[in-house]
Every structure is written in C-alpha cells, then in structure tokens.
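The values are calculated or read from the model by the stated rules, or taken from the named source; none is laboratory data. Here the structure is a predicted model, which is why all the values come from computation and not from measurement. Cβ atoms come from the backbone with ideal geometry, glycine included; neighbour counts cover every protein chain shown. Just the protein is used for accessible areas: all its heavy atoms, side chains included, with ligands, DNA and RNA removed. Shrake-Rupley method; radii C 1.70, N 1.55, O 1.52, S 1.80 Å.
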Amino acid sequence: MTPAALITGWGYYVPPKVLTNADLEAMVQTSDAWIYERTGIRERHIVEGDEVTSGMATKAAKEALGRAKVKGEDLDAIIIATTSPDYFLPTAACLVQESLGARKAAVFDLGAACAGFVYGLAIARGLVASGAARKILLVGAETISRFIDWTDRATCVLFGDGAGAVVIEASAAGAGIQSTALHGDGRQKRHLRLEGGGALHPAARRGDDGASDFIQMNGPEVFKLAVPAMADAAKEALAQAGLRLEDVDLFVPHQANARIIEAVAKRLGLDRSKVFIDIDRFGNTSAASIPIALCDAVAQGRVRKGDTLVFAAFGGGMTWGAAVVEWSSPKR
Ligand code: ACO
C-alpha cells in the first residue's frame, strides 16, 4: 500500500526585531490606517545582522523536529522553500543540513516564491509515496527584507521575515497530505519580479543595466490574479481529495494581504470562522507564511485531530497551488 505522508512536527521562528506601521510612518509617506485597511498588517519581524534565511530555518526546524521526536541524522530529505536564500551556493538546504547534522539527507532549495510551501508539500508527498524518503523536513524561510526598497511605500509595508517548518513522515495511517494542486503562469511574470543578481544581470557586471536588486510589484494586478487562482486551486485540491467545501475545518492561506484572503474565502463561500489570518503580526513572509500560520493556528487550539485543513498560496512567477491535509496528532 502507498504510504501516507503525515505532518508529525511543526515549528516557526521570527527574528526579535519588530517593525510596526508607526515605524514605517517615519520612513515613507504612509500611515498605520492605510496599511491596516489595505493589507490587515500591524507589524512584521525583520532580521538584523547576520541572522538570515538558513539560521531562521534551522531554528524553526529544531522546534519541528523536537515535536516530531525525529533527529536530524534520521532525515532522508531537507527541502527549503525560499526566494531569499543566504547564497546561490551553497543552498540554504545545505546550510540547514550542516546545522542539524542531517548527514544522510538529500538537500535542495525550492523556488516557487510565495507558493513554495505548497509546492514543497506536493514534492514531499511524492517522495514518501514513491518510497524515496520516509522522513522529510520542509521549511518555508525568507529574508525578504533584504530585497525590499525601503523607500518604495508600495512594497516596503507588505513583507516580513521568518521561517516555518514541518516534519513529514511516511505512515500506514491514511491521514496526512491528501491532495495537492499546483499551477504557474510565466506570462504574468512582469507583475512581481526580482531581476538583479541573476545570470542575466550578475552583481559583478552591474552597471546601469536596468535590473533592480529589489522586488518590484504591480500590487493591484497581483491582487486580481491571486484571488481566483487561490480559490480555484483550493477547489481543485478538495475535489482531488474527494471532499467538498463543507468538509473544510480550517482554511490556512498564504498571508499575502487580509483583503486577498477575505476575497478568496468569499469566493469559496467559507465562513470567516473557518479562515485563519495572522498577517497582522507577521506581514507577508512569502514561503514561510503558511507554516507560520499553521503553527499559530495549532497553538491557538484551532486545529484538532481529524480536521480537514486547506492551504492555498499565490506568488511571483506567477506560481500558485493548494493542498488538503487531514490533521493527525503529534507522536506521543
Ligand atoms: N501608504 C499610503 N499610500 C500608498 C501606499 C502606502 N504604503 N502604497 C501605495 N499607496 C497609494 C498609491 O500610490 C495610490 O495612490 P494614488 O491613488 O494617488 O495613485 C493609492 O495608494 C492606491 O494604490 P493601489 O496600489 O491602487 O492600492 P491597492 O488598494 O491596490 O493596495 C496593495 C495596494 C496593498 C499593494 C494591494 O494591491 C495588494 O495587496 N496587492 C497584492 C500584492 C501582494 O500581496 N503582494 C505580495 C507578493 S505576492 C503574494 O504574496 C500574493
């Protein structure tokens, strides 16, 4: 029988420094009222000094491994979903592997922007189903603050840093990741991009080549694309799992913007009580946002054994997707 892929551990980490909307008022022409009304964000956490993606990922991973009672050396694979790794080489996954002593793990970074965690769930499920791995660490970790133009009020108010991790284990039980739906559309790439530093515009050759080292975004276009894409992916993943919208106990979407989440929930006909939002405290942490929200939801007692959870995300590329998970208890 094909083994199921269970989430047996979870953990998150955000850097201690908090940047409030009031702090941003002193940096750009904006206001707490504008930011909160348009995005639902009150504050976000931002890295300082040398603590960036792999360091945050390691801290989140240690919490998740502890909860799952899995040792680093027992991991078969480490997947870090990130658009903001410490380096191109070594990957963040290699750095996390070293920190955890996960000697036998296959290690790679996964680049699917804000949808990276959902993509990672699909890959982890496939590795488990094929028998290629039995214990997997999946982390969404981002240091987006280093790629933000802090004079651009249209983007700098939106993002935060952090990491969220899950341990995924093969099990004979039927719970766990039930289905995933993944999509992309490169034709829309212009609406959200980070072009500087890649092979076309490498740092060593930078003159006035027109490429920006900062995230550039057409917010209203991203908004318009994200809402139907997230809603349709959620429906698709539910249908694949043989479930209906009425079966959803908690919708834990990518925390891009509270208005996007509310519009997706409305499209799906989900009651607000079934939608988890914590963007007020973390901002948009890209690939880290769903696992951070999951940890938060569990800590708040919003997730019980047997619950049907739906994750949905949309991000640059464009990339999007959804996953359905039947929640199982942590191991005793
Ligand atoms: N403070 C005050 N005013 C601002 C700010 C700010 N921080 N940013 C923009 N404005 C101004 C604009 O200049 C504009 O002024 P104008 O009318 O004089 O030209 C006005 O506010 C309205 O701007 P819009 O961009 O039309 O505002 P909108 O209601 O679309 O909200 C926002 C902007 C919040 C970016 C929204 O479009 C959004 O959230 N889009 C999704 C983007 C997103 O989530 N990206 C994350 C990455 S992808 C993802 O995670 C899904």
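Most simply put, the chain has about 70% antiparallel DSSP beta bridges, counting only bridges with both residues inside it. Look at where the Cα atoms of segment 269-332 and of segment 5-65 average out, and the two centres are 16 Å apart.
Antiparallel beta bridges, as assigned by DSSP with both residues in segment 4-174, represent about 65 percent of the total such bridges. Computed over neighbours whose Cβ is under 11 Å from that of Cys94, the net charge equals -3, Lys and Arg +1, Asp and Glu -1.
By the rule of a C-alpha distance below 26 Å, with chain neighbours fewer than 8 residues away ignored, the lysines paired with Lys274 are Lys224, Lys235, Lys266, Lys305, Lys331. Within a straight-line Cα-Cα reach of under 12 Å, Lys59 can be paired with the following aspartates and glutamates, leaving aside sequence neighbours fewer than 8 residues apart in one chain: Glu51. Database remark: amide H of Asp109 closer than 5 angstrom to the amide H of Ile80, Ala93 (H placed geometrically; neighbours at sequence offset of 5 or more, or on other chains; Pro and chain starts carry no H). On the principal axes of its alpha-carbon atoms, segment 4-174 has extents of 54, 33, 25 Å, going from largest to smallest. With the whole protein complex present, Lys235 retains an accessible surface near 90 Å², based on a 1.4 Å probe. Computed over the chain with a Gaussian network model linking Cα atoms closer than 10 Å, the most mobile of Val310, Val298, Val18 is Val298.
Here the calculated FRET efficiency for Arg103 and Met27, from their Cβ-Cβ distance with R0 = 51 Å, stands at 0.70, rounded to the nearest 0.05. For the chain, the alpha carbon positions stretch 57, 45, 37 Å along the principal axes, listed from largest to smallest.
Using the Cα coordinates of segment 174-332, the gyration tensor eigenvalues translate into equivalent-ellipsoid semi-axes of 32, 17, 15 Å, sorted from longest to shortest. Accessible area per residue for segment 178-326 is 43 Å², calculated with a 1.4 Å probe on protein heavy atoms, without ligands, DNA or RNA.
Apolar share of the accessible surface for segment 229-332: 46 percent from carbon plus sulfur atoms, 1.4 Å probe. Which FRET efficiency value, to the nearest 0.05, do you get for Asp249 and Trp34 by plugging their Cβ-Cβ distance into 1/(1 + (r/R0)^6) with R0 = 25 Å? Efficiency computed from Cβ-Cβ geometry: 0.15. Note on Lys104: lysines with a C-alpha under 18 Å away, same-chain residues under 8 apart excluded, are Lys62, Lys69, Lys71, Lys135.
In the context of the full set of protein chains, segment 4-174 has a per residue accessible area of 39 Å² (1.4 Å probe).
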